[in-house]
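Have a look at the structure below before the remarks.
Derivation of every value follows stated rules applied to the coordinates shown; laboratory data play no part. All of these numbers come straight from a predicted model, not from anything done at the bench. Heads up, the Cβs are rebuilt from the backbone with ideal geometry, glycines too, and the neighbour counts pull from every protein chain shown.
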Amino acid sequence: MPSLSVTIITKNEADNIRQCLESIAWADEIIVLDSGSDDDTVAICREFTDKVFETDWPGFGIQKNRALDHVSCDWVLSLDADEVVNAQLAAEIQQAIKGDSTVYEMPRLSTFCGRKIRHGGWYPDYVARLFPRGEARFSDDLVHESLQFPGRAKRLKTPLDHNTTPDLHDSIEKMNSYSTLGARTKMAKGRQSGLATAISHGLWTFIKTYFIRAGFLDGKEGFILAVANAEGCYYRYLKLMYMNEKKAD
């Protein structure tokens, strides 16, 4: 049976990490890369593995690649701390690594403010996360990193459970953090923005999420999510506008 390493990056994930770790306790190796947690995250992780490393925070992509550098097994499953591998997906993963040496992607079913979201562009949300060691690396993006590999990924059928944004407070915090990282990424690529750009992108994001991608079918949470997505997009371009102005001074 080929061996499997699971990599997880963390910071202040005490509310999520135990459920994540319990769901992959069957793996041959668990590697956690923490970036300065001041809650019980590290202590909880050490209950499940002795391979817990503490480092600084350079951004999502670089951090996930740092975790890959500690892997020693044949295969890698990269998870976020708020993701859970249910029993059916675990069985499918164990079967997959017995076969072709290729990259696998899986659907992801996310929870927003207590509701599983099946529309608005959030599902099936395929993510490439399972791959032979050394056959793939993550992009160096500060946020919304992607797995880079040659060819096309095969697909697993069972969704990965994603327990993101449990409440509105968490949604607002993530929107603020991710919009800043997104603006910095665009700034580094030489992108420009203005008020009209921010407004138009935010408005289009709401229309796309709520109407075109049928977010309205997810009830009030679908509407709240569409607004949150629009706000995140609006603030990303607004922050970029101010970054452009500051650079020009």
Please list, in order, the residues from segment 226-249 whose amide nitrogen is less than 20 Å from a point placed 7 Å along the Cα→Cβ vector of Ile199. 227-245
Least to most buried among Tyr234, Tyr123, Tyr242, by other C-beta atoms within 10 Å and fewest first, runs Tyr242, Tyr123, Tyr234
If amide H atoms are built 1.01 Å from N in the plane of the peptide, which residues on other chains or at least 5 residues away come under 5 Å of the amide H of Val76? Ser5, Phe131, Arg133
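Taking the Cα centre of the chain as origin, work out the dipole magnitude from +1 charges on Lys and Arg Cβ and -1 charges on Asp and Glu Cβ, in debye rounded to 20. Display every interim value, and only then the final one.
Details: 30 positive and 35 negative charges, 268 e Å.
In total the dipole reaches around 1280 debye.
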Dipole of segment 86-125, positive end: most advanced residue of Gly114, Asn86, Ile97 [Cβ charges, Cα centre]: Gly114
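Report the net charge of residues surrounding His70, where surrounding means a beta-carbon distance below 13 angstrom and charges are Lys +1, Arg +1, Asp -1, Glu -1.
Working: positive: Lys51, Lys64, Arg66, Arg133; negative: Glu29, Asp34, Asp50, Glu54, Asp69.
Every neighbour counted, the sum reads -1.
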Within segment 186-223, what residues put their amide N at less than 17 Å from the label point 7 Å along the Cα-to-Cβ vector of Arg118? 213-223
Sort all Cα-Cα distances of the chain into consecutive 10 angstrom bins from zero, then give the percent of pairs in each bin up to the one containing the longest distance. 7, 28, 35, 23, 7, 0, 0
What is the distance in Å between the Cα centres of segment 8-69 and segment 135-159? 19
Dipole of the chain, positive end: most advanced residue of Gln63, Thr180, Asn244 [Cβ charges, Cα centre]: Asn244
Can you give the Rg/Rh ratio of segment 168-248, where Rg is from the C-alpha atoms and Rh is the Kirkwood radius? 1.03
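In the neighborhood of His119, defined by Cβ-to-Cβ distances under 15 Å, what is the net charge if each Lys or Arg adds +1 and each Asp or Glu adds -1?
On the way: positive: Arg108, Arg115, Lys116, Arg118, Lys208, Arg213, Lys220; negative: Asp125, Asp218, Glu221.
Every neighbour counted, the sum reads +4.
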Where nothing but the Cβ of Lys and Arg (+1) and of Asp and Glu (-1) is charged, how large is the charge dipole of segment 206-249 around its Cα centre, in debye to the nearest 20? 120
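In segment 147-249, what GluC sites (Glu not before Pro) fall in a loop by DSSP, with at most 12 other Cβ atoms inside 10 Å?
Values: sites: Glu173, Glu221, Glu231, Glu245; in loops: none.
Here no GluC sites (Glu not before Pro) fit, given the DSSP loop and packing criteria.
Can you tell me the order of 78-89, 174-185 when each peptide is scored by its average per-residue count of other Cβ atoms within 10 angstrom, highest first? Spell out each step's value before the answer.
Working: 78-89: 19.1, 174-185: 17.6.
Sorting 78-89, 174-185 by mean packing, highest first, produces 78-89, 174-185.
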Length-normalised contact order of segment 4-162 in % [C-alpha pairs under 8 Å, at least 6 apart]: 27
Theoretical ellipticity at 222 nm over the chain - DSSP helices of four or more residues, -39500 (n - 2.57) apiece, nearest 500: -12000 deg cm²/dmol
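State to the nearest 20 debye the size of the charge dipole of segment 18-162 about its Cα centre, where the only charges are +1 on K and R beta carbons and -1 on D and E beta carbons. Mind dumping the intermediate values first?
Details: 17 positive and 25 negative charges, 174 e Å.
The dipole of segment 18-162 has a size of about 840 debye.
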